[in-house]
Amino acid sequence: MTDAPSEQVADQVEISCQACGSTLLLDSHLRTTVCPYCASPSVIERPPSPNRPAPSFVVGFVVDHDRAAAAVRDWISSASIFARSDFKQAAPEVTRGVYLPAYLYGAVANSSYSARIGEDYTETETYTTTDSKGNTVTRTRTVTKTEYRSLNGEHSTYIVDVVVTASAGVTNDALEAVEPFDLRALRRYEPSFISGWLAEDPSRSKDDCFQLSHDESVAKVEQLLHEFMPGDSHTSLQFQTNLSNEVIDLVLLPVWSFAVRYAEDRPPVQILVNGQTGRVGGKVPISTIKVTIAVLTGLIVVGGFALAIASQN
Amino acid sequence: MTTAIEICERCESPLETGDLRCSICGQVSPADRPHAEKLTVQILRCRGCGAATAYDIKHQAPSCTFCDSVVEVETLEDPLEQSEGYLPFTIGQDEARKAMRHWLSSLGWFRPSDLTTSARLEQLKPLWWVGWVFDAESFVSWAADSNAGSRRSAWAPHSGQVEMTFDDILVSASRGLSDAEVSAISPGCDLATIRKEPEGAQNATIEQFDLQRSQARQQVIEAIQVIAAQRVEQSEIPGTSFRKTSVSVVLRKLITRRFSLPAWILAYRYKGRLYRMVICGQNASYVTGSAPYSIIKIIFVAVSVVAAMLAIFAAVAAS
Ligand SMILES: [Zn+2]
Ligand SMILES: [Zn+2]
Ligand SMILES: [Zn+2]
């Protein structure tokens, strides 16, 4: 995207505008362009290859530029109190709506697991204590104890709707920060859908994307297994997951991309807005000075209390 | 409108018109768009005026920048569910009335003695209520606590996996009937008697499915999980008492049909209050409803019990 590596920017193709015949230079990872001479929107289609399959689906933009920019301003001003002041005052710039390539992944996950399952029980125990008159007395009380039993088993489930980035310019964490997309609004990909907008082809290899999908799937399985375990509690959950019957399809997702430049000496911060839901995601630069002041203040307060308590005794 | 167009390659569940993906396993339904053979550059033009089209947020679709007409694209359809057929009423009004008297007289001693004679029928209305009937194969993983193998705690963990088939399982989609009413009357229905049109009752209320297909599938899948957990408790988990039963269901060949099923809804009045009854429209022995209790009889029994206990206490104290 905006910060795509330079060797990719250098990788350009020459196309000619079908409306006015002008020759246009186009970044090779883009699927669309608008002619600078006659303003005609073109859609570029390439023969599919393993790392650049044809898109199956597209989710259309719902949030327009103004709404996205307002969401970003709100998000910046409500950023944590530890955010750098110059960041909170910065104005977001260079906004573009882009159809971001992502993979929609699904599989059957078969897992073997083992865990220690905690089953609670109560016991009545006797204890000795001193009563109000200073006599030693024996009393009873009920205590809850936990007995750990080991459990081994198998777990099978469909994994569906895992979404991972296929764009080198957007990390999977950055995309996750603006997820979820409402996949009920999926539409079959048609070139007309991206006409007039920026759209990228995948710039990550399919192997990389499979790896990201596997990681997300295993994280999902782990969460499912935690919910699956019986007992009052459990520990030492270990599992081995085998993913089979995989399906992976390219989907173009609507994203507004903003760059926030807040200091001369720092790189701009990338902020994404989900073009379907308006959800904002990005990393807020933290002010080390503010954090240091807060920590020092905390220490002084605690120290003060400690002194006050010590001086009372 | 809800006909199956093809079978999912992966889980063998039918896909329906407008499904872009399998709702069970996520497999994409095949597209018929050809792939580009070489690099092509195209400007998509309006069929009406020839100007370029672009995706437009206002229309949520590609539209012409000049004449504002919208380009048709294939979208995921999520239509309201429609009934595929009706089970006919085989129980008429008179039989329904008779079934009501019979049911009231069968309720037992705690009911008012004059219930059968004094209950006045206020309304008797035929209703076609809606439900899904599904068949599926599945592979169920389960884990649970049971008393089997327990040591100091009353519970011990167990786990397993089992193949499970579902045949003609009915899930209520009705707003008019409660789930308890549906489970009481639905065993009286014969699903093989399905007809294209409503038959056997005049002026019936015909309930509509008020859910979209995607929500309907969600409800059916939730119902499958509940049934799978019940079956696992009945026949898989060792022991006699269970808790924290979890299931993970991998479905195949899920086929869901949408039915309209017959029921008589009765309202009767006893001593100024209204009570409701529901009778299966195909078998009058499947009946459910509410009925008054005799307060006097209950007080009488309670007083007798207390008196008997006092007498026993007195006897014990005296001895
Ligand atoms: Zn041009
Ligand atoms: Zn499927
Ligand atoms: Zn036009």
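The values are calculated or read from the model by the stated rules, or taken from the named source; none is laboratory data. What you see is a predicted model; the values in this text were computed from it and never measured. So basically every Cβ, Gly included, is an ideal-geometry build from the backbone, and we count neighbours across all protein chains shown. With ligands, DNA and RNA removed, areas are computed over all heavy atoms of the protein, side chains included. Shrake-Rupley method; radii C 1.70, N 1.55, O 1.52, S 1.80 Å.
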Q.
Looking at (1) surrounded by fewer than 19 Cβ atoms within 10 Å (Cβ to Cβ); (2) more than 24 Å from the chain's Cα centre (by Cα), which one does B:Cys8 not meet, given that it meets all the others?
A. (1)
Q | strands (runs of 3 or more DSSP E) within the range B:217-319 that include 1 or more residues among the aromatic types (Phe, Trp, Tyr) | A | B:242-270, B:273-280
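Out of the residues in the range B:14-35 that are assigned to a loop (DSSP other than H, G, I, E, B) and near ligand 2 (Cβ under 9 Å from one of its atoms), state the one that is most open to solvent (accessible area, probe 1.4 Å). Steps first, please.
The first filter runs over the range B:14-35 and keeps only residues assigned to a loop (DSSP other than H, G, I, E, B), leaving B:17-20, B:22-27, B:29-35.
Among the residues that remain, those that are also near ligand 2 (Cβ under 9 Å from one of its atoms) are: B:22-27.
Values: B:Cys22: 8, B:Ser23: 59, B:Ile24: 20, B:Cys25: 0, B:Gly26: 10, B:Gln27: 32 Å².
So, considering only residues that are assigned to a loop (DSSP other than H, G, I, E, B) and near ligand 2 (Cβ under 9 Å from one of its atoms), the one most open to solvent (accessible area, probe 1.4 Å) is B:Ser23.
Can you pull out every residue in the range A:21-55 that is among the hydroxyl-bearing types (Ser, Thr, Tyr), open to solvent by 10 Å² or more (accessible area, probe 1.4 Å) and more than 9 Å from every other protein chain (Cβ to nearest Cβ)? Let's see the steps before the verdict.
Here is the first cut: in the range A:21-55, the residues among the hydroxyl-bearing types (Ser, Thr, Tyr) are A:22-23, A:28, A:32-33, A:37, A:40, A:42, A:49.
With the extra rule that they be open to solvent by 10 Å² or more (accessible area, probe 1.4 Å), the set shrinks to A:22-23, A:28, A:33, A:37, A:40, A:49.
The answer is A:Ser22, A:Thr23, A:Ser28, A:Tyr37, A:Ser49.
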Q.
Condition (residue is outside any helix (DSSP H, G or I), at pLDDT 95 or above, open to solvent by less than 60 Å² (accessible area, probe 1.4 Å) and of a type in the set (A, V, I, L, M, F, W, C)) applied to the range A:110-127: is it met by at least one residue?
A. yes
Q) Looking only at the range A:255-290, which residues are open to solvent by less than 30 Å² (accessible area, probe 1.4 Å) and under 10 Å from A:Val178 (Cβ atoms)? A) A:Val255, A:Trp256, A:Ile271, A:Leu272, A:Val273, A:Asn274, A:Gly275, A:Gln276, A:Gly278, A:Val280, A:Gly281
Q: Considering only the range A:56-69, state which residues are more than 10 Å from chain B (Cβ to nearest Cβ) and open to solvent by less than 40 Å² (accessible area, probe 1.4 Å).
A: A:Val59, A:Ala68, A:Ala69
(Q) For the range A:173-190, give me each residue that is open to solvent by 60 Å² or more (accessible area, probe 1.4 Å), more than 7 Å from chain B (Cβ to nearest Cβ) and part of a helix (DSSP H, G or I). (A) A:Asp173, A:Glu176
Q | Options B:Ala180, B:Ala184, B:Ala201; residue that is assigned to a loop (DSSP other than H, G, I, E, B) and in contact (Cβ under 8 Å) with a residue 60 or more places away in the chain | A | B:Ala201
Q. For the subset of the range B:229-252 comprising residues that are touching a residue at least 12 places away in the same chain (Cβ under 8 Å) and away from every other protein chain (no Cβ under 14 Å), which member is least open to solvent (accessible area, probe 1.4 Å)?
A. B:Arg231
